[in-house]
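The values are calculated or read from the model by the stated rules, or taken from the named source; none is laboratory data. Quantities reported herein were computed from a predicted structural model and do not represent experimental measurements. Methodologically, a virtual Cβ is constructed for each residue, glycine included, from the backbone with ideal geometry; neighbour enumeration extends over all protein chains shown.
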Amino acid sequence: MSGTKYLTREGFHKIQEELVRLRTVKLPKVVEHIRIAREDGTLAENAGYEAARDEWSFVEGRIEILETILRDAQLIKDNGGRDTVVVGSRVTVQGSEYGPETFQIVGSPEADPSKGRISNESPLGQALVGKGIDDVVEIKTPDGVTAFTIIEIE
């Protein structure tokens, strides 16, 4: 994972909190599980040891990912209203087949479409960034091409 990752201040703090929790709570527990599993006998046939090692590997990998995100993070600034869509904008679009929908354009680590937060790297996010009110963007979907008209930018 490389390159700039856009984060809101809230998202940056959530990732910092997760990283602290992994380092100070989760990792020590996993290390303790490994120590206990080692005491249970032969490591080659010890399922508890293997599970603990797998968990340790997962936690270490997650720590590395979070460190990379934080290192490469660029905080999204809230500059109020805008003429064009940028990362951090709240954009209301009118789809060709349904009513208005509002999305916030965020960096990929914070994307959660179910909460109206789409990544600037997603097809819709990419299409919206740099566009203005009344612009129409078209997105390829499995059902064909869907058009969206930008009706508001916050």
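Among the residues of region 1-15 satisfying the criterion of being loosely packed, with under 13 Cβ neighbours inside 10 Å and in contact (Cβ under 8 Å) with a residue 40 or more places away in the chain, which is nearest to residue 74 (Cα to Cα)?
Result: 4.
So, of the residues in region 25-65 that are polar (S, T, N, Q) and at pLDDT below 95, which turns out to be nearest to the chain's Cα centre (by Cα)?
46
Mind checking whether some residue in region 112-121 is over 22 Å from the mean Cα position of the chain (by Cα) and over 22 Å from residue 21 (Cβ atoms)?
The answer is no; no qualifying residue exists.
Within region 24-59, can you find the residues that are surrounded by 13 or more Cβ atoms within 10 Å (Cβ to Cβ) and either in contact (Cβ under 8 Å) with a residue 40 or more places away in the chain or of a type in the set (Asp, Glu) (or both)?
Correct list: 50, 55.
Suppose we keep only residues that are assigned to a helix (DSSP H, G or I) and basic (Lys, Arg) within region 2-31. Which one would you say is farthest from residue 104 (Cα to Cα)?
Just the residues of region 2-31 that are assigned to a helix (DSSP H, G or I), to begin with: 9-31.
Those left that are additionally basic (Lys, Arg): 9, 14, 21, 23, 26, 29.
Details: 9: 14, 14: 18, 21: 28, 23: 31, 26: 32, 29: 37 Å.
Checking each candidate, the answer is 29.
I'd like to check something: does region 77-86 contain any residue that is outside the structural domain of residue 125 (by TED's automatic domain parsing), out of contact with any Gly (no Cβ under 9 Å at 6 or more places or on another chain) and of a type in the set (S, T, N, Q)?
Scanning region 77-86 turns up no residue that is outside the structural domain of residue 125 (by TED's automatic domain parsing), out of contact with any Gly (no Cβ under 9 Å at 6 or more places or on another chain) and of a type in the set (S, T, N, Q).
Given the conditions (1) within 30 Å of residue 143 (Cα to Cα); (2) surrounded by 11 or more Cβ atoms within 10 Å (Cβ to Cβ); (3) among the polar types (S, T, N, Q), report the number of the one that residue 74 does not fulfil.
Here residue 74 meets the rest and fails (1).
Listed here are the residues, each with its yes/no results for (1) in the same structural domain as residue 132 (by TED's automatic domain parsing); (2) within 27 Å of residue 135 (Cβ to Cβ); (3) of a type in the set (Lys, Arg); (4) touching a Lys or Arg at 6+ places or on another chain (Cβ under 6 Å).
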| residue | (1), (2), (3), (4) |
| --- | --- |
| 13 | no, no, no, no |
| 20 | no, no, no, no |
| 25 | no, no, no, no |
| 32 | no, no, no, no |
| 36 | no, no, no, no |
| 50 | no, no, no, no |
| 63 | no, no, no, no |
| 69 | no, no, no, yes |
| 95 | yes, yes, no, no |
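Find the residue count for region 96-138, including only residues that are of a type in the set (Val, Ile, Thr) and either touching a Cys at 6+ places or on another chain (Cβ under 7 Å) or surrounded by fewer than 17 Cβ atoms within 10 Å (Cβ to Cβ) (or both).
Number satisfying all stated conditions: 3.
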